[in-house]
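Structure, as structure tokens:
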Amino acid sequence: MKLAISSLFAVTLSAASLSAGAATMRTDLLGEPVQSAPVERTIVTALAGRTIDIAGGTKWVNVKHGEVIRFVSNGREFTWYFDGVSQPRPFDMAEIAPAGFVEHGVKVYVSLGDDALI
């Protein structure tokens with residue numbers, strides 16, 4: 001009897017931990033679980049193709065799909081790999097930049113990359 005109660009407790013605890021883990025999983029815009037970056041992306045992200053300085057007067061930046069860009073502003077920097085779904089409209093850099101990276105709005109325009117099939 002004691003063994004059955006211990007087994008039941010272990011199964012209940014396992015189920016509870018699995019459901020708690022599922023509740024904290026991040027999802028993408030389509031509700032799918034977020035996948036960790038593949039090894040290829042991790043390697044490419046470390047090698048920025050170019051650097052863009054963001055000054056006080058910068059209102060927009062132009063990048064291409066597939067580019068790896070290093071952004072620099074006020075002694076801070078971050079690198080972004082533009083490999084996501086194409087953006088038909090510009091978006092605000094604050095959506096991808098670390099908190100406090102820019103104090104003003106900077107629009108990011110993503111054009112088709114060199115490998116785009118037209």
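The values are calculated or read from the model by the stated rules, or taken from the named source; none is laboratory data. Not measured: the values here are computed from a predicted model. Glycine gets a Cβ as well: all are built from the backbone with ideal geometry, and neighbour counts include every protein chain shown.
Descriptive notes on the structure:
- Candidate set from the range 59-76 (those that are of a type outside the set (A, V, I, L, M, F, W, C) and surrounded by fewer than 17 Cβ atoms within 10 Å (Cβ to Cβ)); member that is nearest to VAL108 (Cα to Cα): ASN62
- The range 66-105 - residue that is assigned to a loop (DSSP other than H, G, I, E, B) and in contact with an Asp or Glu (Cβ under 7 Å, 6 or more places away or on another chain) and, of those, modelled with the highest pLDDT: GLY105
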